[in-house]
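Only the coordinates and a few stated rules stand behind these numbers; no lab work does. Since the structure is predicted, the reported quantities are computational estimates derived from the model, not experimental observations. A quick note on method: Cβ atoms are made from the backbone with ideal geometry, for glycine too, and the neighbour counts reach across all protein chains shown.
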Amino acid sequence: MADLRTLITALDDHQVEFVVLGAVALRLQGSARITEDLDICYGRGRANLERLAAALQPLAPRLRGVPAGVDLPFALDAPTLRAGLNFTLTTTHGDLDLLGEVTGLGAYEVVERFSEWMDVYERQVRVLTLDGLERAKRAAGRLKDIVDLEEILTIRRLRDGRDELS
């Protein structure tokens, strides 16, 4: 299970431009869903890539899914981030997915417009809104996304003060 506090603190301490996505965003919006990783969309500007690399360096990021014993040269630095787009990582504090673009939304600048500031571990962090989550989940269309769409509808009903059973 990811140590969300440590991951978010590292990103915030380095002033990384990012938006919390996926199940963590859904949880912050009111879901009971549990997740084992943190998904973020990150800004692709040069300075932000350098801040992101600096934030993650102490957490020893490595590519997730590479079999043990396989010597795959990988360094998460600004040039690597610039050359890639999406990275699924394992760190000393849990799994972290970095997305340069989000299906159904686009690049960070668009994702940011579908986010709101929330207090997360005593930090002000951008989190994807229910509208943003709905767009992304509809576009992804995986089974777990379809289930999440039902939960988004339930959260909206509860926020509107409507009984979900009526």
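Values for this structure:
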item: The chain, relative contact order in percent, only Cα pairs under 8 angstrom and at least six apart counted; result: 25
item: Inter-site label distance for Asp119 and Lys144 at 7 Å from Cα along Cβ, in nm; result: 3.0
item: Amide H partners (placed H, <5 Å) of Ala107, local residues excluded; result: Val102
item: For peptides 114-124, 94-104, 16-26, sequence by mean Cβ density within 10 Å, most packed first; result: 16-26, 94-104, 114-124
item: Cα gyration tensor category, rounded, prolate or oblate, for segment 1-146 with a/c compared to 1.5; result: rounded
item: Protection proxy ranking of 38-47, 76-85, 141-150 - average other beta-carbon atoms within 10 Å, highest first; result: 38-47, 76-85, 141-150
item: Fraction of antiparallel bridges per DSSP, the chain only, in percent to nearest 5; result: 75
